[in-house]
């Protein structure tokens, strides 16, 4: 039986009085890639942000239901959001490197955690940049600004920054939508390598991307989870008519 690392049960989210998530029940296995798909405004990014409490930063949000990570309630009063976001890291749609050197971007989380040993930091930088498949391109420029890199390189440095603090789960919110096709394929190749060591949950509006890289796919519409299952099976033989209509391009 596959181990569940993250589970959500009857998860509702309201922006003021507007219900954006309508009782989502969804579990994630340890390791592998799950894609969250659906038309714009369907709730997939909102759902992703509940998984490491990023929605806490938005005013007038109410969340009910349950989000459990390795059996721990992430919304318990004593839950530490800093610790949660270390264990469940996030990569955003627009590459967002800090205005520091590449090196300082990668070690940012470690420095916050109090790591001072240069050999430990050096090792984390190389390991994380290698995992993010950008080491060979930046190894001679570690002390130059990350903002000087191309968009695709910046996004891989952002992935390395998440990896450096050794998360269990990596959340990605449309991480290639701002990138060119070459950079997109490099990020996809990176994620396919990382799926053996991390649980990856990716929001994508690109159905081809979901079919290329994910093991499981969850289809959202109007704040509801319509269908979830093995990606190949869902794309070839969806159970629900709504899923079939979306995958065949009838709407969305």
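Points worth noting:
- Scanning the stretch 85-112 for residues that are assigned to a helix (DSSP H, G or I) and either in contact (Cβ under 8 Å) with a residue 40 or more places away in the chain or over 26 Å from residue 5 (Cβ atoms) (or both) yields a count of 11.
- The residues of the stretch 233-252 that are in contact with a helix residue (DSSP H, G or I) (Cβ under 8 Å, 6 or more places away or on another chain) and not in a loop (DSSP other than H, G, I, E, B), listed by number, are 234, 235, 243, 247.
- Of the residues making up the stretch 4-33, those that are closer than 15 Å to residue 60 by Cα and touching a helix residue (DSSP H, G or I) at 6+ places or on another chain (Cβ under 8 Å) are 13, 20, 21.
- Screening the stretch 1-58 for residues that are more than 16 Å from residue 75 (Cα to Cα) and free of Cβ contacts under 8 Å to residues at least 12 places away in the same chain and picking the one that is surrounded by the fewest Cβ atoms within 10 Å (Cβ to Cβ) gives 1.
- One residue alone among 115, 138, 120 is in contact with a helix residue (DSSP H, G or I) (Cβ under 6 Å, 6 or more places away or on another chain) and either in a helix (DSSP H, G or I) or farther than 25 Å from residue 177 by Cβ (or both), and that residue is 138.
Each reported figure results from applying straightforward, stated rules to the coordinates on display, with no laboratory input. Being a predicted model, the structure only gives us computed values, none of them experimental. We place every Cβ from the backbone using ideal geometry, glycine too, and count neighbours over all the protein chains shown.
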